[in-house]
1. Identify all aspartates and glutamates with a Cα-Cα distance to Lys130 below 16 Å; exclude those on the same chain that are fewer than 8 residues away in sequence.
2. Using alpha carbon centroids, what distance separates region 117-155 and region 16-34, in Å?
3. Over the alpha-carbon set of the chain, divide Rg by the Kirkwood Rh and report the Rg/Rh ratio to two decimals.
4. With +1 assigned to the C-beta of every Lys and Arg and -1 to the C-beta of every Asp and Glu, and no other charges, what is the dipole magnitude of the chain about the Cα centre in debye, to the nearest 20?
5. Taking amide H atoms as placed 1.01 Å from N in the peptide plane, list the residues 5 or more away in sequence, or in a different chain, whose amide H sits under 5 Å from that of Ser161.
6. Rounded to whole Hz and in sequence order, give me ³J(HN,Hα) for region 248-258 from the Karplus expression 6.51 cos²θ - 1.76 cosθ + 1.60, θ = phi - 60°, writing x for Gly and Pro.
7. Considering the Cα positions of region 198-313, please state its Rg to one decimal place and its Dmax as a whole number of Å.
8. Three principal axis extents, largest first, for the C-alpha atoms of region 30-93, in Å?
Amino acid sequence: MARLIDTVVSHEVQKTHLLGAYHKGRLHPVQIFSGPSGIGKKQIALALVQEIFCQNAHLGKACGSCPQCLKVEHEQHENLKIIKPEKSVIKIEKAREIISFLGLKDTHEKVILVDDAHLLNRQASNSLLKSFEESADRVYFLLITNSLQALLPTIRSRGQSIRFSPLSNEDLLKIKPFDPWVLEEAGGSVTTAMELQEESFQEVRNKTIKFFLDWIGRSSSPVDVASFKDILGDRERSRHFILTIQFFINRALHFRSGASHLAQNELNELSLELAQNPQYDLSSWVVSSIQLDRDLQENVDNILSFENFLIDVSPNNICR
Ligand SMILES: [Zn+2]
């Protein structure tokens, strides 16, 4: 088993800062890690916890293989409390679990890791603030978020904020030999890159791009909305479908804003066509794609929703 900190790609400045602060006894008790999803923030938080709990540290480095290190790696350490959202919210009950966890009598360090901390509701946030105030020495709170602004200002002001940037393509390639188009679209997120690289994603993506190339009139083959019934009726595949649509709209917006130094592929052909043709109103594509996503999640008749989307974004739509 490896020391977790050594398995995290990139973020060298943040890693050095956090370990240095901990070993000098100067780690701020409330850490807020912010940055895009899927870039390694939680792994770094767990790595820091390993450094805190290791029984076998040598020259100030966790060993990665003692029982304490292994329990942290498996997220099952008795002095580590991990809080995460349920159905996109962290409610007061979860914050109360923190209070009883902190009430347990022992002299060891304790760590509370709050994943997706921006999903704390107001009550839970206030309860967490109280925990900050009442916690003893050697208690650390690690808050992880992709949306720093969504945290209550009082929480932000009590913590030390550490920002993490998207990974470079070079860093992503250290993790896996991703295809060039995957690197182009992953936005520096390992999680997104892994998802895009899946065969099931690529199948949906290719079909979606081909459909829209036909729809904008690049070929003479008729478009067949009904052929998307299987994709739209499946939770995972419909997510792939929406992601593909959002990618090519974003790309078109980039092209329009002048950022056009992107490799050639079918998705870019499609985005370029939309960008260069002023009859396409890209803001209505953005709004309608959000509506389509919502409809699909709420199980509204999916073919009808897709047809409505096409009507909304059609250049011939005189209702706008
Ligand atoms: Zn260890």
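1. Glu93, Glu97
2. Between the Cα centre of region 117-155 and that of region 16-34, the gap is 16 Å.
3. On the way: Rg = 23.4 Å, Rh = 22.3 Å.
Computed over Cα atoms, the ratio is 1.05.
4. Values: 36 positive and 40 negative charges, 284 e Å.
With only Lys, Arg, Asp and Glu charged at Cβ, the dipole is about 1360 debye.
5. Ile32
6. Working through the residues one at a time gives 6, 5, 4, 4, 4, 5, 4, 4, 5, 7, x Hz.
7. For region 198-313, the Cα-based Rg and Dmax read 13.6, 39 Å.
8. 40, 25, 20
Coordinate-derived values only; no laboratory data. In this text the structure is predicted, and so the values were computed from the model without any measurement. Cβ atoms come from the backbone with ideal geometry, glycine included; neighbour counts cover every protein chain shown.
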